[in-house]
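Quick note: the coordinates plus some simple rules give every number you see, no bench work behind them. The structure presented is a predicted model; accordingly, all values stated were derived computationally and were not measured. Every residue, glycine among them, receives a Cβ derived from its backbone with ideal geometry; neighbour counts consider all protein chains shown.
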Amino acid sequence: MTLSKQPRDTLAVPRWLYLATGGATIGASALLASFVTDRAFIRYLHNWSKTLPTIESWWQPVVWIARGLGVTTLALTVYLGYVGPQLPTSSLAILVTFAGVRAGLPIFTYLVGNIWPVLNPWRTVASVLPSGWLEYPGSLKRWPAVVGLLGLVWVEVIFPVSTVPAVLATAIVLYTAVTLAGALVFGPEPWFGNVDPLSVLFRFYGAVSPLTRHTGTVEMKLPGGDLQHSDVVADTSDIAFIIALVWELTYSGFITTSAGSTTIRTIVELNFPGFVSAEVRAVAVYTLLLLAGYLVFFAAYWYAGRVSRRRTGTYITARTIRYQFASPLLAIAAGYHLAHYAGLFVSLSPALVLALTSPLSPPSNPLVLSPPGWFDGFNIASILVGHLLAVWTAHTLGYDLFSSRLAAVRSQYPFVAVMIGYTVVSLWIISLPGAIPPYLS
């Protein structure tokens, strides 16, 4: 919700040209990738890796330090959310939650590697308590995490959790109660692997990162190397979660623009029965926009799988094709996240460091940086690079799935069309003037 406070420069070229250029970049990249038909070269890039020096000798001490840090930070976040300063830029609760967990930690995850499993304070607490009283229903897969992610986005929009520390602390207490109860009833592994939205989010973002830990060593691959593994997407719920990652960033960006503000005001001001207040109508509008937009993004991808199967004339089912091409969307989600939250992280990083180093006596007037002017270009580049990585990954996966080179290329066209649509929408959003979301004061 702090995106609306970031200055945005006026475009120096017509918006239609700016959007067409962005979409054409993706289309041209897909066309160029289609000329790479040497399976040996594609397989070489797919399998390239480098094993870094062993970390087993010092890994366990790091794990214990990280677990202690995670639990301590959670306790301080809740405590200072209630008794600490209520100024957002001085509040440890808000800085840790939004500058840290919402912005900085995902950036570290997809650019370096996933450290959330050892930092996760709820998992640390649940691992030392008796658990596993009931068996997790396997048929649910990751659908609870999908609902949880959309629910967290809804709470972030509707309630002042990003501006009022006490409200945020209450939300964290409720999240803690639900998470610990579920982890103790079903066991930490099923809960954090399938239900907890934060754990699933960091696991998926970690698939984009170049570093992964395997049996006491750190393995380095090309960015997005793990996206080509078949176990990244194993169910329709995984596809739904990945698309929720893409949509929630698009949604949060849209409602903090002038176009989003105008759209919401127009709908809320339509003639409704007089007993329904404007605030209630606004909550309904924000909720409907969240769900309707998500369904549109999901339906577009789902239909692309059907078109892909029809274009290739293959015996492979549309469901298998959808599973195969879903993981590249994680590169798009990472690019969206970097474009939306890199500026926020840079702005609040000095205040976050001060709050962490002196949590009980934070400065009353913390330092907040202004991102340099070239950050606008960086945001555009982040979106385009994420899509380019997705295009190449889809190209590689197409050759893994289809024996025919022509079928491998044709299968990608519908998904590239969806990626172009996602690109144009996101580029359009970051080109709009910022605005405070109405009716949420």
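Give the longest segment of the chain that steers clear of chymotrypsin sites (Phe, Trp or Tyr not before Pro) in DSSP loops with at most 10 neighbouring Cβ atoms within 10 Å, not counting the sites themselves.
On the way: sites that count: Phe35, Trp133, Phe275, Tyr315, Trp374.
Segment 134-274 is the longest.
Give, in nm to one decimal, the length gained when the segment between Gln60 and Ser277 is fully stretched (0.36 nm per residue of separation minus the Cα-Cα distance).
Extra length from Gln60 to Ser277 when fully extended: 72.6 nm.
Enumerate by residue number the trypsin sites (Lys or Arg not before Pro) in the stretch 46-119 meeting two conditions: DSSP loop (anything except H, G, I, E, B), and at most 14 other Cβ atoms within 10 Å of the site's Cβ. Mind showing how you got there, number by number?
Values: sites: Lys50, Arg67, Arg102; in loops: none.
Taking the stretch 46-119 and a limit of 14 other Cβ atoms within 10 Å, no loop trypsin sites (Lys or Arg not before Pro) are found.
Working out 0.36 nm times the residue gap between Arg319 and Val71, then minus their Cα-Cα distance, what length gain in nm do you get to one decimal? Intermediate results must be reported in sequence, preceding the final value.
Working: separation 248, 0.36 × 248 = 89.28 nm, distance 4.08 nm.
Value of the extension gain: 85.2 nm.
Quick one: longest stretch of the chain between exposed loop GluC sites (Glu not before Pro), exposed meaning at most 14 other C-beta atoms within 10 Å and loop per DSSP? Don't jump to the answer; show the numbers that get you there.
Details: sites that count: Glu135, Glu269.
Here the longest run is 270-441.
Tell me the volume per residue, in Å³, of the convex hull enclosing the alpha carbons of the stretch 135-281. The partial results should precede the final answer.
On the way: hull volume 27.4 nm³, N = 147.
It comes to 187 Å³ per residue, whole-number rounded.
Can you give the percent of C-alpha pairs in the chain whose distance is more than 35 Å? Don't skip to the end; give the middle numbers.
On the way: 30606 of 97020 pairs.
Roughly 32 percent, once rounded to a whole number.
Tell me, what is a quarter of the convex hull surface for the C-alpha atoms of the stretch 341-441, in nm² with one decimal? Walk me through the numbers before you get to the answer.
On the way: hull surface 42.7 nm².
Here the figure is 10.7 nm², rounded to one decimal.
Go through the stretch 132-142 residue by residue and turn each phi into a ³J(HN,Hα) via Karplus (6.51, -1.76, 1.60, θ = phi - 60°); whole Hz please, and just put x for glycine and proline.
These are the phi-based 3J(HN,Hα) values: x, 6, 10, 8, 5, x, x, 5, 6, 6, 9 Hz.
In nm, give the distance between the simple-model label positions of Ala24 and Leu270, each being 7 Å from the Cα along the Cα-to-Cβ direction.
Roughly 3.7 nm, to one decimal.
With both partners inside the chain, how many of the DSSP beta bridges are antiparallel, as a percent to the nearest 5?
Working: 8 of 8 bridges.
If we restrict to bridges inside the chain, about 100 percent are antiparallel.
I need the phi-derived Karplus couplings for the stretch 370-376: 6.51 cos²θ - 1.76 cosθ + 1.60, θ = phi - 60°, integer Hz, Gly and Pro marked x.
Here the 3J(HN,Hα) series is 10, x, x, x, 6, 5, 4 Hz.
Under a plain spin-label model, where a point goes 7 Å from the Cα along Cα-to-Cβ, how far apart in nm are Leu356 and Val101?
1.5
Under the rule of -39500 (n - 2.57) per DSSP H run of 4 or more residues, summed and divided by the residues of the chain, what mean residue ellipticity at 222 nm is obtained, to the nearest 500 deg cm²/dmol? Walk me through the numbers before you get to the answer.
Working: 17 runs with 277 residues, N = 441.
My calculation for the chain gives -21000 deg cm²/dmol from helical runs alone.
In units of 2.2 N^0.38 Å, what is the alpha-carbon radius of gyration of the stretch 26-89?
2.24
Would you give the gap between the C-alpha center of the stretch 196-266 and the C-alpha center of the stretch 102-149, rounded to a whole Å?
When both Cα centres are located, 14 Å separates them.
Taking 0.36 nm per residue of sequence separation and subtracting the Cα-Cα distance, how much length would be gained by fully extending the chain between Val424 and Val128, in nm to one decimal?
Working: separation 296, 0.36 × 296 = 106.56 nm, distance 4.76 nm.
Net length gain for the segment: 101.8 nm.
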